[in-house]
1. Between Ala24 and Ala96, what is the FRET efficiency for a Förster distance of 22 Å, r being their Cβ-Cβ separation, to the nearest 0.05?
2. Along each principal axis of its Cα atoms, how long is segment 1-40 end to end? Whole angstroms, biggest number first, please.
3. Compute, for segment 2-122, the length of the dipole vector about the Cα centre, with Cβ point charges of +1 (Lys, Arg) and -1 (Asp, Glu) only. Units Debye, rounded to 20.
4. List, in order, the whole-Hz ³J(HN,Hα) value for each residue of segment 8-14 obtained from phi through the Karplus relation with A = 6.51, B = -1.76, C = 1.60 and θ = phi - 60°; use x for Gly and Pro.
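None of the figures in this text is laboratory data; all of them are computed from the coordinates on show. This structure is a prediction, so every number in the text was calculated from the model and none was measured. When we count neighbours, we look across all protein chains shown, and the Cβ atoms used for this are built from the backbone with ideal geometry, even at glycine.
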Amino acid sequence: MRPTFLVLGALSAALAVAAGAFGAHALRARVEPRLLEVFETGARYQMYHALALLAVGWLAARQPSGAADTAGLAFVVGIILFSGSLYLMTLLGIRALGAITPLGGVAFLVGWIALAVAAARQAP
């Protein structure tokens, strides 16, 4: 599972760059400025958490732990729910998808707490 977090982190970072470019170039003239901000927030948070997945993969490779696995899974779920809902809300215009976004935020919080636990357990 651990190398998977490195792969998922790298792929997620690539997708975040692509989403950012798509938003900056293809969407700028097609959606209202507020929705463009929503899309950009999704891309930004995806990149933050793609980098977090790389940290999880690195930490877990040093010393596998359930806390690291929990962090990685929570970050993946968070990216899907948080960034995914913002992307879909912008592209499809379905504002009700915004109700899913906070669930992704909770997953991100769980991931950061689990990552802190995993890191603390490795401290000398």
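1. Computed FRET efficiency for Ala24 and Ala96: 0.25.
2. 40, 15, 8
3. Values: 8 positive and 4 negative charges, 15 e Å.
Using Cβ point charges on Lys, Arg, Asp and Glu, segment 2-122 gives about 80 debye.
4. Those phi angles translate into 4, x, 5, 5, 5, 5, 4 Hz.
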